[in-house]
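Working notes for the structure below.
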Amino acid sequence: MNHGGTRVLRLDALARVEGEAALHLRVDGGTVVETRLRIYEPPRFFEAFLTGRAHTEPPDITARICGICPVAYQMSACQAIENACGVTVDGPLAELRRLLYCGEWIESHTLHIYLLHAPDFLGHADVVGLARDQRAAVERGLRLKQAGNAIIEQLGGRPIHPVNVRVGGFYRTPTPQELRPLAERLRQAREDALETVRWVAAFDFPDTVCDHDLLALRDPGRYAIDSGTPAVMAAHGGSPALREFTLSDFEQRVQEGQVPYSTALTATLDGRRFLTGPLARYAINGRWLHPVAAEAARAAGLGDPAGGAICDNPFRSIVVRAVEVVHAVEEALRIIDGYEQPLRPAVQVPPRKAVGAGATEAPRGLLYHRYVLAEDGTLTEARIVPPTAQNQTAIEEDVRRAVQARLNRVGPAADDEELTHLCERAIRNHDPCISCAAHFLDLTVERR
Amino acid sequence: MSGRVLVIGVGNPLRGDDGIGPAVVEALRGRVPQDTVLVVSDGEPARMLDLWRGADSVVVVEALRAEPARPGEVRTLTPVEAACHAPGTASTHAFGLGECLALAEALDQLPHRLVVHAVEVADVALGAGLSEAVRSALPELTDRVAASVRQAYARNH
């Protein structure tokens, strides 16, 4: 719409993004003056939902926040409660947790790469068009995703919303024999994952750079998935050195705030805009990628992660995700190869009056939980900071820049359809997981 | 074909009336032949395709958002009808059944026989429990699903 030089573009519903969100963009005389990503799902009701529950319940309840990354919620919840109760889960139980998390990375990243993101690069409205055009590729994606599903089903007890996870470990651990078929499946998945990197590396990427500060867990010696210390890489700090902070400082450093147009909170890190997720993880942990994944990254044009190369083009996040899938497959194979069934499926987590925090790397970014426990373990307070809320400001800035760059270009003016598509792409680059699992078949009926 | 008969209850019991699919699956236990496969799914396309691989007859139970709404109204849709109603809204979950069926068709992975039984929902806010309108539709919906299962077995024999 044009109103005397001011143009308002509204996307009432964003397709191919988790949950429900809308975007409001105001363009005044060729300048983007306002970008509002409006998230109208209220996932934080869960925090109130958790109050009054037993300290054993958050892994099951928070898993329901998202159908795509339930394991991330379970793992951060377990860590926070174990931290409060002074319990450390290590050895084979910790390895099994990491294996389960690898399953989720494979599943979630592959879903995003093939079903949601790739159609943007290949001129298709959705994965259905892509499937008609590149059937073998979509079949490869589904096969790879199913390898991730298989891990979650085997360890989690069922394919969605795993039920086998508990604070302290698992209800039941598998025998090494039970994991063997997974390893066979993962060897096929390794080929599919490597082919995925080659496939996405050949896409055509808009030339753009983001300059957000980056936040990811850092776990020296290995690529952070299920554990680590928060680390920040400043965008233009002049000093490339990472600064770390303890998890107990998280809420002082990452401050959430409300904006009137969205039910999700936004956040700043030390007062600045920041980004969490694959680009941050790759920048901060790249040197610890499995050699096969690191080689795939180099071949895909991402530079040498061991030499400190980072990727600052959000459109290339699809390549970083593909590399992370290779890493997750290799890591899963390593864990299965070295697995010995622990003597007990879980360690005791006796409640105590305490506060505990936990953070892990969900596929789309750092996920922080904090719980306050009463003496008998009843939760008196819960706090969950999901990656999407942390990334909201960075996403808005990416959208603003993408639209501004297009408006600055000489040549024919962009129509609303082109801008809409551009905005959707800029948002989808970050794979925001806006809500939890609700899905509907929309239908319009004329009543007479 | 294996002759396998599969019922998929699509939905999330923590989203009010969206729990109708899982509720029907529960209500069916003991009412259908023992080898009927009863599963609950979040409706994500890759998982749905995986679920019905090799199945001969598939019955999907789904919540339906309609405008204007008549909460509790039960509908039965063919795959073509359901695929036509691919939603224009957000979310990979709204990218649920309609797009899932279209994807299956594009990949030649549609089951031989598939029928969708759905109920129009009233309330899908966070929280457990069905609304009165949808709860009262549960017996009729369950009857329709059970009838589809019986027909599937009758065809197999």
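For a quick size check, give me the Cα extents of the protein assembly as shown along its three principal axes, largest first, whole Å.
Largest to smallest, the principal-axis extents are 74, 70, 47 Å.
Taking θ = phi - 60°, what integer Hz values does the Karplus form 6.51 cos²θ - 1.76 cosθ + 1.60 yield along segment A:178-189, in sequence order, with x for Gly and Pro?
So the Karplus estimates, Gly and Pro as x, are 5, 7, 4, x, 4, 4, 4, 5, 6, 5, 5, 4 Hz.
Taking the DSSP beta bridges in the protein assembly as shown as the whole, what percent of them are antiparallel, to the nearest 5? Numbers along the way, then the final one.
Values: 51 of 78 bridges.
Once the DSSP bridges in the protein assembly as shown are tallied, antiparallel ones form about 65 percent.
Using +1 at the Cβ of each Lys and Arg and -1 at the Cβ of each Asp and Glu in chain B, identify which of B:55, B:80, B:117 lies farthest towards the dipole's positive end.
So the residue furthest toward the plus end is B:55.
Suppose we keep just the alpha-carbon trace of chain B; what are its Rg and Dmax in angstrom?
Expressed in Å, the Cα Rg and Dmax of chain B come to 14.5, 44.
When the Karplus curve 6.51 cos²θ - 1.76 cosθ + 1.60 is applied with θ = phi - 60°, which whole-Hz ³J(HN,Hα) does each residue of segment B:106-123 get, with x for Gly and Pro?
Rounded to whole hertz, the list is 5, 9, 6, 10, 6, x, 3, 10, 9, 9, 10, 9, 9, 10, 6, 9, 10, 9.
To the nearest whole number, what is the average tally of beta carbon atoms from other chains within 10 Å of the beta carbons of peptide B:57-68?
3
Go through A:245, A:310, B:130 and say which Cα lies farthest out towards the positive end of the charge dipole of the protein assembly as shown; charges sit on Cβ, +1 for Lys and Arg, -1 for Asp and Glu.
B:130
Per residue, how much accessible area does segment B:20-157 show when a 1.4 Å probe rolls over the protein heavy atoms, in square angstrom?
Dividing the accessible area of segment B:20-157 by its residue count gives 39 Å².
Cα centroids of segment B:1-44 and segment A:207-228: how far apart, whole angstrom?
Going from one Cα centre to the other spans 40 Å.
Which loop chymotrypsin sites (Phe, Trp or Tyr not before Pro) in segment A:111-178, with loop taken from DSSP, have no more than 14 other Cβ atoms within 10 angstrom of their Cβ?
Of the chymotrypsin sites (Phe, Trp or Tyr not before Pro), the ones in loops of segment A:111-178 whose Cβ has at most 14 other Cβ atoms within 10 Å are A:171.
Compute the helix-to-body angle for A:416-428: its Cα long axis versus the longest principal axis of chain A, expressed 0 to 90° and rounded to tens.
20
Between the alpha-carbon centers of segment A:47-125 and segment B:123-151, tell me the distance in whole angstrom.
Between the Cα centres of segment A:47-125 and segment B:123-151 lies a distance of 30 Å.
The values are calculated or read from the model by the stated rules, or taken from the named source; none is laboratory data. Everything quoted here is computed from the prediction, not taken from an experiment. FYI the Cβ positions are ideal-geometry reconstructions off the backbone, even for glycines, and counts take in every protein chain you see. Note: areas computed on protein heavy atoms with side chains; ligands, DNA, RNA excluded. Shrake-Rupley method; radii C 1.70, N 1.55, O 1.52, S 1.80 Å.
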